[in-house]
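Visitor: Let me give you the structure first, and then I'll get to my questions.
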Amino acid sequence: MSAEILDTELERSRVRHPDDPALLPSGSHIDGRALRGGVDAVADFVIVGSGASGATAAVVLAEAGYEVAVVEEGPWVRTSEFGTTMRSATMNMVRGAATNVTSGGAFILVMQGSCVGGSTAINSAIALRAPDDVIDGWKSHGLRDVISAARLAPHFDSLERDLHVHAVLPEMAGRNNEIFAHTARTLGLEPHTIRRYEIDCEGSGRCITGCTTGRKQGMHVTFIPRALRAGARIYSSIKVESVGVRGGRAVDVVGYATAEGGALPVRVRARRGVVIAASAVQTPGILRRAGLRSPALGRHFLAHPGVSIMAALDKPVHMDFGATQGCNVLLPSDRLKLETIAFPPEIACARIPGIGASFMQKFANYSHLAAWAVLVRAEAEGTVGSGLAGDSVNYQPSGKDMLGARKGMKLLAEMMFAAGAREVYPGAYGLPSVLTSPDELNVFDRSPTDPRAYNMLISHMFGAARMGADPRTSVVNTNFETHHVSGLYVVDSSLFPTNLGVNPQHTIMAVARLGAQRIADNARPVA
Amino acid sequence: MKISVVERRWAHLIFDTIFPRNAHPNLQLGAEDCDIEGYLDEVSRVWPAFSLLALRATLLFVILATPFVLRRPRSFAAASPADRERVLDVLYSSPIYYIRGLVVLMKALAGILYGSDPAVRATLLRGHARSLTVLTAGGAR
C-alpha cells in the first residue's frame, strides 16, 4: 500500500459525517443501549421505524412544526463506525444477522436493515421512479386518485433534489457495470445507467456493507439528521412491542430498550398520532399487537425475489471498485429486471460452486469474477404472521414467477458468455454447477421451477397492510390511517397494493412524503 | 445460547474443509488462519436463538452423517481431509433440499468469516479496497 493511499485514508478518517453526534442537536438522540432507567416521553407524532419511509415522514412532520419522536429498533451505527465487510454489516446492521428466511417451502433469505436509516444504510441507493402504469394501476385497487403517477411526481422531484439523485458517472461505474452495459447493447437489450442517491461517490463498492465514505445519501446521514435539526428526537435500540389504543384512538408506543443492564420499559405518548413505518414485514405485527383485527392484515404480501449468477471472465472485473449496482435492463413485459450487483468476497463465497480445493480454485480468481442478478416482479402472494421467532413471512414464488426467473438467468448467462466468460456458475440445483460454453445455455430451458432449486433473496417487500376504501379488503384508508383505529397511520410499503418491478426505495419515500403531508394537513387538535 | 466447546471443534473442522489451506498458489490461507473463535463468539452473541439452533443442528447433522456417507464407521474428526471434503460435497449436492440447504448455510456462514478476513482480502482485492480493509480491520472484528 502506498503512503499516498494511507494519507488519503487517514485524512478521510478525520472527516466528520452528518451522523457525527457532535453535529447533531444536543439531546436529540436517545440511545436505548445507554439508558439507565425507563423512558416516559411525549410527542405530537411518534414514528416507528427510521428507514426510507419513517425518516421521510419525520422530516415532513418535524418541518411542519410538529414535535416528532422516531423510535428505531436497531442501533445507530455511525458512518465512522462502519466496517468494510459483510461480517460487520450483518452483525451490526442487518435484521437477524442476515439469517431470516421465508417459510412455506424454499428458504428465501429476507434482507432488511435494522439500524438507524434502516435498509437505506445497507442498500445500493438506487433511485428509480416506479413506472407510471404501475402506480396508475393502483386505481383499480380502490385508491382512486389518492396515489397516482401525477400526484407522486412532485414528491419524486423534491426527493431527487434533496438527495442528489443522478446517474452513476462513467468514471465510477467500474468494470462489472461497464461489461454488463456493453454486452447488453451487443445483444440488442437496452441497458440503463442507474440513478442513485449519492454525492461524489468514490466507487468503493461497499454500498451494501455501509458506505464508509459517507457519500451514499442514506437516511442515517440525510433525513434523520435533518429531522433532528428540525426538532425531532430519535430513540434507537428500542424494540416496539405495541401501540396503545384508548377509545378507538392510538395514544402511545410501548416497548423496551435493549440496554446493557437488561430490558427497560419505554413509553412514548402521542398527542396527535402514531405513524408506523416499520416495513412490510414488521408493520403487520405491530398493528396486530395494537389490537387491529382486520381480515386483510398480514395478507397480500408481495416481493421481488432475486437470483444471482456469477461468471469467471477472461479479463479482470474487480468488483471491489465501482458502483455496487450501476446498470440494469428493464423487461416489464416479462416482469423482469436484470441488474449488476458487485459481490464482495464474503458474499461471492456462497455463490461460487464447490467445497474445498475445487471451490478455492475458482475463488482465487475473484478479480475476474462478475456477478449479475435477475429480479422478478412476482405474482405470488404470501402472508406475514407472528411466530415463535417473531415476525415471519410465508412466501413462495409461483411456477410462473420461476419461469420468469429462469428466463432471466438464461439471458444473464448468455450475456456472460458474450462478455468472454470462461465459466458461468448458474447456482441452481439440477443444473451443471459450471457451464463452459454458450452451447450449454439450453440447460436453463429444462431447469426446475421449484424455488427450492435456487438460492433466492428478497429485499423488496410490499403489501400485508394494504391501502383501500373497503375495510374488508384493506387495512389503511386513503388518508393513510387504519380503518379500525384512529390516529394510527401507516406510510411504508406495506400499504402498497402491488409490487413495482423496480427497486422500491424511491417510491416508498415519495408515498411516505405524500402520506406525511396528508397526515400533517389532517392532524386533529390535541385532545 | 452458547456454542459449546465440542460444537466449536466441529465448526473448525467443517470451516477448514470448505476453505482448506494451500489449495491455490495465490490463496494459501485457509479458514484456520482466520479468527474462527472470535467469529463464533460473535455469532453466539448476535444471531437470533432460532438461527443459532439451526446452526447447531447443522453441525451435529454433518457429524452424524459422516459414517453413512463414507459407508464405514469413521467420525468426521478422524476422517482424512479428502474424506471430509467428500462428506460435505455429497451433502452439498444432496437431492434432499433440507440437507443441501444445511451445507449451503454452513458455507455462507464460513464464507462471511473467510471473505471478511483482512489477510484474505489483501490477497484478493486491488489497492483501493485493500487499503480501506487494512485500516478498518479493527472495526470489522
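Visitor: Return yes or no: is A:Pro25 surrounded by fewer than 22 Cβ atoms within 10 Å (Cβ to Cβ), at pLDDT 95 or above and within 14 Å of chain B (Cβ to nearest Cβ)? Spell out the reasoning first.
Guide: Working: surrounded by fewer than 22 Cβ atoms within 10 Å (Cβ to Cβ): yes; at pLDDT 95 or above: yes; within 14 Å of chain B (Cβ to nearest Cβ): no.
When the stated conditions are applied, A:Pro25 does not pass them.
Yes/no matrix, rows are residues, columns are (1) open to solvent by less than 30 Å² (accessible area, probe 1.4 Å); (2) away from every other protein chain (no Cβ under 13 Å):
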position	(1), (2)
A:Arg95	no, no
A:Gly105	yes, no
A:Ala121	yes, yes
A:Ile126	yes, yes
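Visitor: Further, regarding this structure: Of the numbered conditions (1) in contact (Cβ under 8 Å) with a residue 24 or more places away in the chain; (2) at negative phi, A:Gly214 satisfies every one except a single condition; which is it?
Guide: In the conditions (1) in contact (Cβ under 8 Å) with a residue 24 or more places away in the chain; (2) at negative phi, A:Gly214 misses (2) alone.
Visitor: Just to confirm my filter: which helices (runs of 4 or more DSSP H) fall fully inside segment B:34-127 and include at least 1 residues that are within 21 Å of A:Arg206 (Cβ to Cβ) and away from every other protein chain (no Cβ under 11 Å)?
Guide: Numbers: elements: B:36-46, B:49-70, B:81-92, B:97-116, B:118-124.
In segment B:34-127, B:118-124 are the helices (runs of 4 or more DSSP H) which contain 1 or more residues that are within 21 Å of A:Arg206 (Cβ to Cβ) and away from every other protein chain (no Cβ under 11 Å).
Visitor: I've got another one for you. In segment A:431-446, which residues are assigned to a loop (DSSP other than H, G, I, E, B) and surrounded by fewer than 21 Cβ atoms within 10 Å (Cβ to Cβ)?
Guide: We begin by selecting, within segment A:431-446, every residue assigned to a loop (DSSP other than H, G, I, E, B); these are A:431-434, A:436-437.
Of everything in segment A:431-446, those that are assigned to a loop (DSSP other than H, G, I, E, B) and surrounded by fewer than 21 Cβ atoms within 10 Å (Cβ to Cβ) turn out to be A:Pro432, A:Ser433, A:Val434, A:Thr436, A:Ser437.
Visitor: Okay, moving on. Could you check segment A:396-430 and list, in sequence order, the residues that are open to solvent by 20 Å² or more (accessible area, probe 1.4 Å) and within 21 Å of B:Val104 (Cβ to Cβ)?
Guide: A:Gln396, A:Arg406, A:Glu423, A:Gly427, A:Tyr429, A:Gly430
Visitor: To continue, here is another question. Of all the residues that make up segment B:61-117, how many are open to solvent by less than 30 Å² (accessible area, probe 1.4 Å), among the polar types (S, T, N, Q) and over 25 Å from A:Met91 (Cβ atoms)?
Guide: 2
Visitor: I'd like the full set of residues that are part of a strand (DSSP E or B) and hydroxyl-bearing (Ser, Thr, Tyr), limited to segment A:195-234. Full working, then the answer.
Guide: Filtering segment A:195-234 down to residues part of a strand (DSSP E or B) leaves A:195-198, A:216, A:233-234.
The one that is part of a strand (DSSP E or B) and hydroxyl-bearing (Ser, Thr, Tyr): A:Tyr197.
Visitor: Tell me which residues, restricted to segment A:94-136, are out of contact with any Gly (no Cβ under 6 Å at 6 or more places or on another chain), within 30 Å of A:Gly32 (Cβ to Cβ) and among the aliphatic types (A, V, I, L, M).
Guide: A:Val94, A:Ala97, A:Ala98, A:Val101, A:Leu109, A:Val110, A:Met111, A:Val116, A:Ala125
Here is a yes/no grid of residues against (1) among the charged types (D, E, K, R); (2) surrounded by fewer than 23 Cβ atoms within 10 Å (Cβ to Cβ); (3) farther than 30 Å from A:Cys327 by Cβ:
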site: A:Ile224; (1), (2), (3): no, no, no
site: A:Gly244; (1), (2), (3): no, yes, yes
site: A:Gly247; (1), (2), (3): no, yes, yes
site: A:Asp252; (1), (2), (3): yes, yes, yes
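Visitor: Moving on to the next point. Hey, can you tell me all the residues within segment A:249-280 that are polar (S, T, N, Q) and in a strand (DSSP E or B)?
Guide: The one that is polar (S, T, N, Q) and in a strand (DSSP E or B): A:Thr258.
Visitor: I need a count of the residues in segment A:83-106 that are part of a loop (DSSP other than H, G, I, E, B), over 18 Å from the mean Cα position of the chain (by Cα) and over 18 Å from B:Asp41 (Cβ atoms).
Guide: 4
Visitor: Moving on to the next point. Give just the number: which of (1) crowded, with 17+ Cβ neighbours inside 10 Å; (2) at pLDDT 95 or above does A:Val146 not satisfy?
Guide: All conditions are met except number (2).
Visitor: A further question on this structure: Report yes if A:Ile458 is within 19 Å of the chain's Cα centre (by Cα), among the hydrophobic types (A, V, I, L, M, F, W, C), open to solvent by 10 Å² or more (accessible area, probe 1.4 Å) and under 13 Å from A:Ala280 (Cβ atoms), otherwise no. Before you say what the answer is, go through the steps one by one.
Guide: Values: within 19 Å of the chain's Cα centre (by Cα): yes; among the hydrophobic types (A, V, I, L, M, F, W, C): yes; open to solvent by 10 Å² or more (accessible area, probe 1.4 Å): no; under 13 Å from A:Ala280 (Cβ atoms): yes.
No, not satisfied.
Visitor: A:Thr90 fails exactly one of the following numbered conditions: (1) buried (at least 23 other Cβ atoms within 10 Å of the Cβ); (2) more than 27 Å from A:Leu287 (Cβ to Cβ); (3) in contact (Cβ under 8 Å) with a residue 12 or more places away in the chain. What is the number of that condition?
Guide: Result: A:Thr90 fails condition (3) only.
Visitor: A further question on this structure: If you take just the strands (runs of 3 or more DSSP E) that sit entirely in segment A:281-367, which of them hold at least 2 residues that are more than 8 Å from chain B (Cβ to nearest Cβ), among the hydrophobic types (A, V, I, L, M, F, W, C) and open to solvent by 10 Å² or more (accessible area, probe 1.4 Å)? Please lay out each step first, then the result.
Guide: Values: elements: A:306-313, A:327-331, A:336-340.
Per the criteria, A:327-331.
Visitor: Ok, one more. Residues of segment A:151-174 being under 24 Å from A:His192 (Cα atoms), part of a helix (DSSP H, G or I) and open to solvent by 80 Å² or more (accessible area, probe 1.4 Å), which ones?
Guide: Those that are under 24 Å from A:His192 (Cα atoms), part of a helix (DSSP H, G or I) and open to solvent by 80 Å² or more (accessible area, probe 1.4 Å): A:Arg161, A:Pro170, A:Glu171.
Visitor: Turning to a different aspect of this structure: Six or more apart or on different chains, Cβ under 6 Å: which pairs go from a residue in segment A:139-153 that's more than 13 Å from A:Ala512 (Cα to Cα) to one that's open to solvent by 80 Å² or more (accessible area, probe 1.4 Å) and part of a helix (DSSP H, G or I)? Could you list them?
Guide: As it stands, the answer is A:Ala149/A:Asp132, since those pairs meet every condition given.
Visitor: Could I ask something else about it? Just to be sure I understand the filter: pairs with C-beta atoms under 7 Å, separated by 6 or more residues or on different chains, first member in segment B:73-85 and closer than 15 Å to A:Gly354 by Cβ, second member in a loop (DSSP other than H, G, I, E, B) and of a type in the set (A, V, I, L, M). Which pairs pass?
Guide: Qualifying pairs under 7 Å: B:Glu85/A:Ile355.
Visitor: Moving on. Condition check: open to solvent by 10 Å² or more (accessible area, probe 1.4 Å) and within 14 Å of chain B (Cβ to nearest Cβ). Does A:Glu67 satisfy that? If you could, list the steps in order and put the result at the bottom.
Guide: Details: open to solvent by 10 Å² or more (accessible area, probe 1.4 Å): yes; within 14 Å of chain B (Cβ to nearest Cβ): no.
For A:Glu67, the condition - open to solvent by 10 Å² or more (accessible area, probe 1.4 Å) and within 14 Å of chain B (Cβ to nearest Cβ) - is not met.
Visitor: Then there's this: May I ask you to verify whether A:Val384 is within 30 Å of A:Ser242 (Cβ to Cβ), more than 14 Å from chain B (Cβ to nearest Cβ) and in a strand (DSSP E or B)?
Guide: Numbers: within 30 Å of A:Ser242 (Cβ to Cβ): yes; more than 14 Å from chain B (Cβ to nearest Cβ): yes; in a strand (DSSP E or B): yes.
Yes, satisfied.
Yes/no matrix, rows are residues, columns are (1) over 22 Å from A:Pro497 (Cβ atoms); (2) not polar (S, T, N, Q):
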residue	(1), (2)
A:Glu379	no, yes
A:Val384	no, yes
A:Ala389	yes, yes
A:Tyr395	no, yes
A:Ser398	no, no
A:Gly404	no, yes
A:Met409	yes, yes
A:Ala413	yes, yes
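Visitor: I'd like to verify a number: residues in segment A:128-138 that are open to solvent by less than 30 Å² (accessible area, probe 1.4 Å) and without any contact (Cβ under 8 Å) to a residue 24 or more places away in the chain, how many?
Guide: Result for segment A:128-138: 0.
Visitor: Out of (1) closer than 23 Å to A:Ala52 by Cβ; (2) open to solvent by 10 Å² or more (accessible area, probe 1.4 Å); (3) of a type in the set (Val, Ile, Thr), the odd one out for A:Ile194 is which?
Guide: (2)
Visitor: Could I ask something else about it? Looking at (1) hydrophobic (A, V, I, L, M, F, W, C); (2) touching a His at 6+ places or on another chain (Cβ under 8 Å); (3) open to solvent by 10 Å² or more (accessible area, probe 1.4 Å), which is the one condition that is false for A:Ile234?
Guide: With (1) hydrophobic (A, V, I, L, M, F, W, C); (2) touching a His at 6+ places or on another chain (Cβ under 8 Å); (3) open to solvent by 10 Å² or more (accessible area, probe 1.4 Å) applied to A:Ile234, the lone miss is (3).
The values are calculated or read from the model by the stated rules, or taken from the named source; none is laboratory data. What you see is a predicted model; the values in this text were computed from it and never measured. For neighbour counting, all protein chains shown are included, and Cβ atoms are generated from backbone atoms with ideal geometry for every residue, glycine included. With ligands, DNA and RNA removed, areas are computed over all heavy atoms of the protein, side chains included. Shrake-Rupley method; radii C 1.70, N 1.55, O 1.52, S 1.80 Å.
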